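Some notes on the structure that comes next.
The values are calculated or read from the model by the stated rules, or taken from the named source; none is laboratory data. Only a predicted model underlies this, so the values are computations on that prediction, with no experimental measurement involved. FYI the Cβ positions are ideal-geometry reconstructions off the backbone, even for glycines, and counts take in every protein chain you see.
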Amino acid sequence: MNSFQGTRTLLVGGSSGMSKAAARLLLEEGGAVVLLGRQVDKLEAVAEELRSLGRVDTEVVDLTDRSAVQAFVNRIPEDYVDLNGLVNGAGVFLPQAFLDHAEPDYDRYLDLNKGTFFVTQAVARAMVARGQGGAVVNIGSMWARQAVQATPSSAYSMAKAGLHALTQHLAMELAQYRIRVNCVSPAVVETPIYEGFIAKGEVHAALQGFNAFHPIGRIGAAGDVAAVIAFSSRPRQAGSRARSGMSTVA
């Protein structure tokens, strides 16, 4: 399939997890991708892995670093005027009791959302200037909608709920420019994000305890969500109507 032939998509957090899996799908369907992350070695390793499938560029940006975000945003009008898609998949998940949260813990999520907001704004402006529409997909979370006692996540959930709200507002505001904005809201998906508080070799076994939590009887895989991201990002066919909103992936 060549559904993404002639397209270029920026995948924030594209060096791992769901964004990386989505990048692979887009490449397999003929698209070009830009992977944005904060770890140079990790980005280059993933880029090298994927380059046999198509064009892969990389950007090293820490979304919690305001000056780094601003420098990247300033380059978007010239360097990335050809973007057709944006996937916001950067995230951190560190469950902690509400009563134990300190300001730096909260700021970690707040700063990430701020970086996401302004990168999205810059990409949207470039899409509007180009005049050919586009698609934005945000990776939200079930935790924004449901509390789980085993994983106390007040600050994380507050941040993801904000991302869900942003999706709805952007879907309304950007529709006039033929820019679709959607959000996938996964439950437990096995990705490296859990390595922030579980040893890498123990993540798979630890997550199996959540299998029964899901209607399909198992936790998700990155490829499950990547398929939804690709569907939401796919260029519209002539005569089709743009649709924006929210998607829930359990």
- Item | Filter pass, Val60 being among the aliphatic types (A, V, I, L, M), modelled with pLDDT of 95 or more and buried (at least 18 other Cβ atoms within 10 Å of the Cβ) | no
- Mind checking which helices (runs of 4 or more DSSP H) fall wholly inside region 146-250 and carry at least 1 residues that are modelled with pLDDT of 85 or more and in contact with a helix residue (DSSP H, G or I) (Cβ under 8 Å, 6 or more places away or on another chain)? 154-174, 222-233
- Note on the structure: Residue pairs qualifying under the 9 Å Cβ cut-off, at least six apart or on distinct chains, with the first in region 91-119 being under 21 Å from Ser185 (Cα atoms) and modelled with pLDDT under 90 and the second being of a type in the set (Lys, Arg) and not in a helix (DSSP H, G or I), are none
- Task: Answer yes or no: is there a residue in region 167-179 that is crowded, with 22+ Cβ neighbours inside 10 Å and touching a His at 6+ places or on another chain (Cβ under 9 Å).
- Result: no
- Query: Applying the selection to region 65-79, what residues are of a type outside the set (A, V, I, L, M) and either at pLDDT below 95 or surrounded by fewer than 19 Cβ atoms within 10 Å (Cβ to Cβ) (or both)?
  - Reply: Asp65, Arg66, Ser67, Gln70, Asn74, Arg75, Pro77, Glu78, Asp79
